[in-house]
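The values are calculated or read from the model by the stated rules, or taken from the named source; none is laboratory data. On a predicted model such as this, the values are computed, not experimentally measured, just so you know. Here the Cβ is made from the backbone with ideal geometry for all residues, glycine too, and neighbour counts use every protein chain on show.
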């Protein structure tokens with residue numbers, strides 16, 4: 001039996017005269033593998049390392065640099081963490097997995113008096129569990145048996161998740177010793193694969209920090225993302241007010257035809273926040289309003305709705321984007337792949353941008369450019385304008401928070417806004433919804449609706465989009481004066497209607513197949529919103545599903 005084994009750095013053909021598991025192959029190749037192998041792909045489908053190979057095949061060994069495997073690693077680590085908490089504090093102590101923060105996951109436990117000593121004790125227990133090399137055992141029970149077993153062990157969170165999703169096709173129920181948990185991703189085979197992690201006391205909870213795809217061999221430096229913590233805390237407060245914490249809360253409202261209230265409530269929360277930001281700008285007398293955020297955040301819709309709220313405050317804002325200030329195509333920097341690099345700040349004509357912004361602030365007439373993306377040049381003569389001393393300029397673009405873009409403009413004139421859809425809604429207590437996955441679904445739908453891209457193309461280009469964000473957007477969000485969370489409580493149910501058939505069209509011979517299958521399993525946890533008529537035409541969601549009067 002011949003097996004062609006591939007990994008990122010190389011490949012090797014190996015032969016066996018008996019049945020073997022992928023784990024056996026990993027053990028034989030260990031000196032050649034740079035990082036811990038967590039899972040594998042066979043015919044572009046994820047399999048656990050205990051998969052038995054019975055015929056000639058091709059196997060790709062995957063570490064956490066692969067985004068699907070990265071999520072499997074997270075879930076496996078959280079299973080170890082939850083068990084360690086219960087081993088130290090007792091099985092009745094609740095654990096809530098909240099959100100990504102500070103290059104890790106922020107969690108809270110229902111226990112008074114979290115101290116550094118307690119956190120160290122939990123971490124030490126986790127390391128003992130890893131050292132013990134305990135298997136993650138996948139349940140082969142029927143659905144009814146799973147519900148009964150979860151009820152028996154007192155796992156209310158997983159029981160509720162399974163109970164409210166009667167049509168769930170892919171159920172990943174695992175035991176680790178006496179711990180029984182439901183996850184929406186598979187787990188790795190055993191605890192010894194979970195090597196890179198640390199715990200840290202943070203605010204009223206515990207940070208579970210671990211290796212990241214961009215530094216798979218070590219835990220990244222600690223970053224205190226205070227603004228994101230406050231943003232998530234605000235969303236938690238709104239969740240308590242609305243009574244919506246988990247996906248099944250949304251599903252119930254949709255299945256009971258109460259989705260109109262859900263939509264209007266979300267939009268009311270957005271409008272309230274935008275109005276508050278506009279009032280802050282008005283009171284502070286700021287004139288350069290800079291808006292930035294990662295891909296598919298809804299920046300354009302937000303910027304135009306902010307302009308309307310500024311008008312309510314008696315201001316007459318000028319709206320513009322930084323895309324019109326690209327350098328001439330012949331001057332565009334070339335990226336490592338040999339193609340024009342439009343993502344970096346070097347692709348922007350900073351000198352022209354700075355001069356024109358200062359001229360506008362001084363009341364001078366300015367000939368604003370429009371960039372012709374077909375010809376690769378700026379067009380002048382069509383947007384000659386001036387503003388008075390009270391008018392603000394609302395500027396939206398990926399580099400808007402980078403201080404190098406506006407270093408020639410008086411800091412006292414600037415107001416910075418960071419926008420992103422931070423998903424505080426969880427599937428249940430132990431399964432959070434990844435903001436990155438939610439944004440990718442937005443982009444899949446938008447690219448199909450307005451750019452003619454297939455879901456496969458969007459998935460394949462997503463890693464380069466993420467690299468651009470890591471370099472040009474995320475390092476600067478702390479410069480923001482305020483944060484706007486563009487998440488819509490109903491959005492995954494809404495996006496599912498358009499995204500699901502697009503993902504189902506991706507075939508096994510396509511490189512995007514494994515990610516498409518992972519996203520389809522994820523979407524199984526949400527009811528589908530079939531009626532979009534209640535979604536206002538100025539909603540951020542309209543920027544993606546169509547029907548917007550602003551974009």
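Out of the residues in the stretch 7-21 that are within 12 Å of residue 32 (Cβ to Cβ) and within 37 Å of the chain's Cα centre (by Cα), state the one that is surrounded by the fewest Cβ atoms within 10 Å (Cβ to Cβ). In this case the residue turns out to be 9.
Can we say residue 257 is touching a residue at least 60 places away in the same chain (Cβ under 8 Å) and either within 30 Å of residue 318 (Cβ to Cβ) or part of a loop (DSSP other than H, G, I, E, B) (or both)? No.
Looking at 185, 120, 108 in this structure, which one is farther than 28 Å from residue 62 by Cβ and not in a helix (DSSP H, G or I)?
Values: 185 fails: farther than 28 Å from residue 62 by Cβ; 120 fails: not in a helix (DSSP H, G or I).
Residue meeting the stated conditions: 108.
Looking at residue 438, is it touching a residue at least 12 places away in the same chain (Cβ under 8 Å) and out of contact with any strand residue (DSSP E or B) (no Cβ under 6 Å at 6 or more places or on another chain)? So residue 438 passes the test.
May I ask you to verify whether residue 194 is more than 29 Å from residue 40 (Cα to Cα), touching a helix residue (DSSP H, G or I) at 6+ places or on another chain (Cβ under 7 Å) and surrounded by 19 or more Cβ atoms within 10 Å (Cβ to Cβ)? Please lay out each step first, then the result.
Numbers: more than 29 Å from residue 40 (Cα to Cα): no; touching a helix residue (DSSP H, G or I) at 6+ places or on another chain (Cβ under 7 Å): yes; surrounded by 19 or more Cβ atoms within 10 Å (Cβ to Cβ): yes.
No, not satisfied.
Residues considered: 326, 342. Of these, the only one that is within 24 Å of the chain's Cα centre (by Cα) and outside the structural domain of residue 408 (by TED's automatic domain parsing) is 342.
For the stretch 364-385, how many residues are part of a loop (DSSP other than H, G, I, E, B), surrounded by fewer than 15 Cβ atoms within 10 Å (Cβ to Cβ) and touching a helix residue (DSSP H, G or I) at 6+ places or on another chain (Cβ under 9 Å)?
Step one: filter the stretch 364-385 for residues part of a loop (DSSP other than H, G, I, E, B), giving 364-365, 368-369, 373-376, 380-383.
Applying the additional criterion that residues be surrounded by fewer than 15 Cβ atoms within 10 Å (Cβ to Cβ) yields 364-365, 373-375, 380-383.
Next, from what is left, pick out any that are touching a helix residue (DSSP H, G or I) at 6+ places or on another chain (Cβ under 9 Å): 364-365, 373, 375, 383.
Residues flagged as part of a loop (DSSP other than H, G, I, E, B), surrounded by fewer than 15 Cβ atoms within 10 Å (Cβ to Cβ) and touching a helix residue (DSSP H, G or I) at 6+ places or on another chain (Cβ under 9 Å) within the stretch 364-385 amount to 5.
Of the residues making up the stretch 239-248, those that are part of a helix (DSSP H, G or I) and surrounded by fewer than 17 Cβ atoms within 10 Å (Cβ to Cβ) are 240, 241, 242.
Matching residues to (1) under 21 Å from residue 246 (Cα atoms); (2) assigned to a loop (DSSP other than H, G, I, E, B); (3) at pLDDT below 95:
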| position | (1), (2), (3) |
| --- | --- |
| 475 | no, no, yes |
| 478 | no, no, yes |
| 487 | yes, yes, yes |
| 495 | yes, no, no |
| 501 | no, no, no |
| 506 | no, yes, no |
| 509 | no, yes, yes |
| 518 | yes, no, yes |
| 521 | yes, no, yes |
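Identify all residues within the stretch 386-403 that are buried (at least 16 other Cβ atoms within 10 Å of the Cβ) and assigned to a loop (DSSP other than H, G, I, E, B); write none if there are none. Passing the criteria: 387, 391, 392, 397, 398, 399, 400, 401, 402.
Between 395, 379, the distinction of being in contact with a strand residue (DSSP E or B) (Cβ under 8 Å, 6 or more places away or on another chain) and free of Cβ contacts under 8 Å to residues at least 12 places away in the same chain belongs to 379 only. So which residues in the stretch 110-124 are buried (at least 17 other Cβ atoms within 10 Å of the Cβ), modelled with pLDDT of 95 or more and under 30 Å from the mean Cα position of the chain (by Cα)? Once the filter is applied, which keeps residues that are buried (at least 17 other Cβ atoms within 10 Å of the Cβ), modelled with pLDDT of 95 or more and under 30 Å from the mean Cα position of the chain (by Cα), the stretch 110-124 yields 119, 122, 123. The number of residues in the stretch 82-97 that are crowded, with 19+ Cβ neighbours inside 10 Å and either in the same structural domain as residue 420 (by TED's automatic domain parsing) or in a strand (DSSP E or B) (or both) comes to 2. Scanning the stretch 310-323 for residues that are in the same structural domain as residue 438 (by TED's automatic domain parsing), assigned to a helix (DSSP H, G or I), in contact (Cβ under 8 Å) with a residue 12 or more places away in the chain and surrounded by fewer than 20 Cβ atoms within 10 Å (Cβ to Cβ) gives a single hit, 312.
Among the residues making up the stretch 200-216, those that are touching a residue at least 60 places away in the same chain (Cβ under 8 Å), under 22 Å from the mean Cα position of the chain (by Cα) and either within 26 Å of residue 115 (Cα to Cα) or part of a strand (DSSP E or B) (or both) are 202, 205, 206, 207, 208, 209, 210, 211, 212. In summary, residue 185 fulfils each of the numbered conditions (1) farther than 15 Å from residue 80 by Cβ; (2) in contact with a strand residue (DSSP E or B) (Cβ under 9 Å, 6 or more places away or on another chain) with the single exception of condition (1).
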